[in-house]
Amino acid sequence: MQVLITGGAGFIGSHLTDHLVKRGDKVTVVDNLSTGRKSNIDQLVMEDKIRFFYEDISDPRAVQGIFRDVEPEVVIHAAASYKNPDDWWSDVSTNCVGTINIVKSSEEQKIKRLIYFNTSLAYGLHPEEHPITTNCTLDPSGSSYAISKTAGEHYIGLSKLNHISFRLANHYGERNLSGPFTNFYQRLSQGKKCFVVDSRRDFVYVGDLIKVVLRAVDGEGYDNIYHISSGMDYSILEVYQTIRDAMGLPKDDEIEIRPRGDDDAKTLLIDPYKTQSHFPGWKVETPLAVGIQRHIDWCKKNTITETYTHVRGVK
C-alpha cells in the first residue's frame with residue numbers, strides 16, 4: 001500500500017513509518033523538522049526504503065505536488081504544531097491551514113482513508129464527564145494547540161473523505177521529546193531540581209498506539225471518532241517517582257508539588273470502550289513502569305537538547 005505520513009520524522013510518525021516499512025508498505029514522509037528529528041528516519045532514507053520530503057504542509061503548492069507525485073492510497077496526518085503555547089501563528093498554519101491542504105489534496109487523489117490525531121484537550125480543561133466519552137461536548141478553548149487541532153478535525157469532518165480521527169491520551173515512549181517524561185529525565189540527569197503539578201493523566205505507550213492505528217490503515221473501524229487511551233489515570237507524582245526508579249535513583253520524598261496553571265486540566269481520563277468495541281482485541285497492554293523504563297533507556301542512548309510542551313510554566 002502507498003502510505004503518506006505527515007510529521008513522519010516525529011515521535012508517532014516515525015514509529016508508524018518503521019512498522020509500515022517492515023510489513024512491506026511503500027511510505028512517503030513529509031516533515032518540516034520543527035519538532036521531528038531526521039535521525040528518526042535517516043537509516044530508512046539512506047537505504048531508499050522511504051521517500052522523504054522536507055516541506056511544510058502549510059504550503060498548498062508543495063502539498064499538491066507531493067500528492068500528485070506519490071499518489072497515496074492512505075494518508076496518516078500526524079504533523080502538528082505544539083512546541084510553543086504562545087505561537088498561535090504556527091499552530092494555525094500547521095494544524096488548520098496545513099490540515100486543509102492535506103484534505104484538499106486527499107480529495108483530489110481520491111484516497112481510501114485519512115487518519116488524523118487530535119488531542120484529548122479537545123474536551124477542555126473542565127470536561128463535563130469522567131471518564132470522557134466521544135459524545136462529550138468539545139471545548140478546546142483552553143489552549144491554542146487544542147483549538148487549532150480541533151479545528152483541523154472539524155475541517156476533515158466537512159470533507160467527503162473516509163476518515164478516522166483518533167483523540168489521544170498522553171502518549172509516550174522512545175523518541176518522545178514532549179511531556180513530563182523526557183523533561184524529568186533531562187533535569188534529573190543534569191542534577192537539577194524538579195517539581196510536579198497536581199494533575200493526573202491517562203498514559204499510552206507508543207507501541208500500543210501503533211497497533212490500533214495500523215488496523216485503521218488496513219480499513220478497520222468506521223468513519224468515526226475514537227479514543228486511544230487506557231482508561232486509567234496516574235498522578236504526575238507517580239510518573240516522576242517511576243522515572244526515578246527507571247534511572248536507579250531513590251524515591252524523592254521532598255519533591256515540590258505545585259498547583260496547575262490556568263491552561264492545565266486536573267485530569268483527562270478518556271474512555272477507550274468504543275475503540276475496543278470497533279477494534280476487537282485491542283487494548284493498552286504495556287504497564288506504565290515497563291513503558292517508562294523503555295523510554296528512559298532510549299533517553300540514555302540519545303542526545304536530548306530540547307524538550308517541548310504546549311502547557312505554560314512546566315519546564
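Some observations on this one:
- Computed over the chain: relative contact order in percent, which uses C-alpha pairs under 8 Å that are six or more apart: 18
- Estimated 222 nm signal from helices in the chain, with DSSP H stretches of n ≥ 4 weighted -39500 (n - 2.57), rounded to 500: -10500 deg cm²/dmol
- Value of Rg to Rh for segment 69-136 (Rh from inverse mean 1/r over Cα pairs, i.e. Kirkwood): 1.06
- In this Cβ point-charge picture (+1 for Lys and Arg, -1 for Asp and Glu), the chain has a dipole of about 500 debye about its Cα centre.
- Ranking of 136, 194, 299 by count of other Cβ atoms within 10 Å, fewest first: 194, 136, 299
- Listed residues 175, 23, 37, most fluctuating in the chain (Gaussian network, C-alpha, under 10 Å): 23
- Principal semi-axes of the equivalent ellipsoid, √(5λ) from the alpha carbon gyration tensor of segment 122-222, are 29, 19, 13 Å from largest down.
- Gain on full extension, evaluated as 0.36 nm per residue between residue 289 and residue 258 minus their Cα-Cα distance, stands at 8.8 nm.
- Net charge of neighbours whose Cβ lies under 9 Å from the Cβ of residue 268, counting Lys and Arg as +1 and Asp and Glu as -1: +1
- Kirkwood hydrodynamic radius over Cα pairs of the chain, then Stokes diffusion coefficient at 20 °C and 1.002 mPa s, in µm²/s: 109
The numbers here are math on the coordinates, done by the rules we state, and not lab data. In this text, all values refer to a predicted model and were calculated from it rather than measured experimentally. FYI the Cβ positions are ideal-geometry reconstructions off the backbone, even for glycines, and counts take in every protein chain you see.
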